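The values are calculated or read from the model by the stated rules, or taken from the named source; none is laboratory data. All values reported here derive from a predicted model rather than from experimental measurement. Cβ sites come from the backbone with ideal geometry, for glycine too, and all protein chains shown count toward neighbours.
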Amino acid sequence: MDLGLKGKVALVTGGGRDVGREVSLALAAEGAKVAVNYSRSADEAEAVVKEIEAAGGEARTYQCDVSDYPGVRAMVENIVKDMGSIDVLVNNAGFVIPRLFTETRPDDWKRQVDVGLYGVIHCCHAVAPHMIAQKSGRIVNVTGDSARVGEKFLSVTAASRGGVLSLTKSLAREFGSSGITVNCVAFGLVATDHTNQDWLKKNYDKIVRQYPLGRIGKADDIAPAITFIASESASWITGQILSINGGYAMVG
């Protein structure tokens, strides 16, 4: 199935690892040119670019902490200069400190909100003028289902993600007349190479009982849905929250 992404330019924040890595590879496999953003993990981002190039695709790395608005603006301008446009924005970057709320401190709150909420605001604000000018664009915000149903140990993360849900709906209404769709993908527990394996092994049986499909997620469970929402095939979908969670939360 041709999703109409060939030649499009996609910016994936946090695109060098975990879910972001799979999204970068999936978009590239559909013919998109991928700007792989990273904050600290340069080696991982470069590895994704090399994998995309080895498969005949086009990609570049761009270093930026999404919590830094001037840095985001500069990154977006560089992508447009280097690659010609930004047609797709996937706001995947996040920062989580799993901890009981009473054990958290203001510094913990700030970093999670700065990346998880302000990072999304910064990137949307920076790419919007380009998408509005070209009268088209796809914005996909990535969050967790903690934003929809709440989650112990993730109170501040859930709060920042809840802001992203509201932002998604508001921007969908604001940008629709410019041919821009804005949607959100929320997912349950996804195991990656950076998951605390000792914690996961210790708690796996208890966790998996909460998932009707009998397993927790993998990064490549998420990427196909994001790729579809970013495509021309999803041109009449906007302001929506797609939950990919193995049945963990079923919210109408």
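What to note about this one:
- Against the numbered list (1) at pLDDT 95 or above; (2) within 16 Å of the chain's Cα centre (by Cα); (3) not hydroxyl-bearing (Ser, Thr, Tyr), Phe95 comes up short only at (1).
- Check on Gly217, in contact with a Gly (Cβ under 9 Å, 6 or more places away or on another chain) and closer than 23 Å to Gly15 by Cβ: yes
- Subset of region 158-172 [among the polar types (S, T, N, Q), touching a Gly at 6+ places or on another chain (Cβ under 9 Å) and within 16 Å of Asn183 (Cβ to Cβ)]: Thr168, Ser170
- Just one of the listed residues (Val120, Val72, Val96, Val66) is in contact with an Asp or Glu (Cβ under 9 Å, 6 or more places away or on another chain), under 19 Å from Val156 (Cα atoms), touching a residue at least 40 places away in the same chain (Cβ under 8 Å) and not hydroxyl-bearing (Ser, Thr, Tyr), namely Val66.
- Selection of region 104-125 for residues being among the hydroxyl-bearing types (Ser, Thr, Tyr) and assigned to a loop (DSSP other than H, G, I, E, B) yields only Thr104.
- Qualifying residue in region 123-131 (condition: under 13 Å from the mean Cα position of the chain (by Cα) and under 23 Å from Ala230 (Cβ atoms)): yes
- Hey, Ala159 in contact with an Asp or Glu (Cβ under 9 Å, 6 or more places away or on another chain) and either basic (Lys, Arg) or modelled with pLDDT of 95 or more (or both) or not: no
- Helices (runs of 4 or more DSSP H) contained in region 139-252 and holding at least 1 residues free of Cβ contacts under 8 Å to residues at least 12 places away in the same chain and not β-branched (Val, Ile, Thr): 155-175, 197-208
- Those residues of region 23-67 which are more than 16 Å from the chain's Cα centre (by Cα), more than 19 Å from Ala225 (Cα to Cα) and of a type in the set (Asp, Glu), in sequence order: Asp43, Glu44, Glu46, Glu51, Glu53, Glu58
- Residues within region 76-107 that are closer than 24 Å to Lys6 by Cβ and not charged (D, E, K, R), tallied: 13
- Of residues in region 27-52 being aliphatic (A, V, I, L, M) and surrounded by fewer than 24 Cβ atoms within 10 Å (Cβ to Cβ), the one nearest to Ile121 (Cα to Cα): Ala42
- For region 103-118, the set of residues classified as among the acidic types (Asp, Glu) and either modelled with pLDDT under 95 or farther than 17 Å from Gly162 by Cβ (or both) consists of Glu103, Asp107, Asp108, listed by residue number.
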